[in-house]
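Q: First the structure, which I've put down as structure tokens, then a few questions once you've had a look.
Read-outs: derived from the displayed coordinates by stated rules, not from any lab. Quick caveat, the model's predicted, so the values are computed rather than measured. Here the Cβ is made from the backbone with ideal geometry for all residues, glycine too, and neighbour counts use every protein chain on show.
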Amino acid sequence: MRNYHQFYIDGQWVAPVNGGQLCEVINPATEAPSGSVLLGDAADVERAVNAAHQAFASYSRTTLAQRVELIGAIAKEYERRLDDMAAAISEEMGAPLKALARPVQAPIGLWHLQTVLGAARSYPFDQQQGNTLITKEA
């Protein structure tokens, strides 16, 4: 069973501020428990939002090349763990592993990342119009 009782906030796994509420995850195909998660509350959301605001300040200063490199690394790790993603999808949604979860549902996230990478690499951020250079920031 997969049990997740912490949240990933600001680069680390942390316990819910107020303890969290336990929620059992049920596989709808078998109606058997497949794990559990803790549900957060407003204090956990506030902590995550504050961390996101702080991260935005530094992320907004990264170059397009750095962002492409980061998303590429995420895509590579996602691809390496496709079987894990498919197993989790199958357990949580009841989707047949070999017929649906692995060949269709698990790769969707990877396809989105690959699409973003393609767009980032080919988008015309600079356009010359007469004597004017128009730059669209990443």
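Q: With a ≥ b ≥ c the root eigenvalues of the C-alpha gyration tensor of the chain, is it rounded (a/c under 1.5), prolate (a/b larger than b/c) or oblate? It would help to have the intermediate numbers written out before the result.
A: Numbers: a/c = 3.32, a/b = 1.52, b/c = 2.18.
Oblate, because a/c is 1.5 or more while a/b does not exceed b/c.
Q: Compactness ratio of the stretch 42-105: Cα Rg over 2.2 N^0.38 Å, N = residue count?
A: My calculation over the Cα atoms of the stretch 42-105 gives 1.57.
Q: Starting from the Kirkwood Rh over alpha-carbon pairs, what translational D in µm² s⁻¹ does the stretch 7-76 have by Stokes-Einstein at 4 °C and 1.567 mPa s?
A: 87
Q: Another one. Can you give the helix-only mean residue ellipticity at 222 nm for the chain, where every DSSP H stretch with n ≥ 4 adds -39500 (n - 2.57) and the sum goes over all residues, rounded to the nearest 500 deg cm²/dmol? Display every interim value, and only then the final one.
A: On the way: 4 runs with 64 residues, N = 138.
The helix contribution divided over the chain gives -15500 deg cm²/dmol.
Q: Could you tell me which trypsin sites (Lys or Arg not before Pro) in the stretch 88-138 are loop residues by DSSP with no more than 11 other beta carbons within 10 angstrom of their beta carbon?
A: Numbers: sites: 98, 121, 136; in loops: 136.
In loop regions of the stretch 88-138 (DSSP not H, G, I, E or B), the sparsely surrounded trypsin sites (Lys or Arg not before Pro) are 136.
Q: How many percent of DSSP beta bridges within the stretch 1-61 run antiparallel, rounded to 5?
A: Here the share of antiparallel DSSP bridges comes out near 75 percent.
Q: Averaging the inverse of every distinct alpha carbon separation and then flipping it gives the Kirkwood radius. What is it for the stretch 63-138, in angstrom units?
A: On the way: mean 1/r = 0.0692 Å⁻¹.
Result for the stretch 63-138, one decimal place: 14.5 Å.
Q: Suppose the chain between residue 60 and residue 119 were pulled fully straight at 0.36 nm per residue; how much longer would it get relative to their current alpha carbon spacing? Show your work: numbers first, answer last.
A: Working: separation 59, 0.36 × 59 = 21.24 nm, distance 1.82 nm.
Answer, rounded to one decimal: 19.4 nm.
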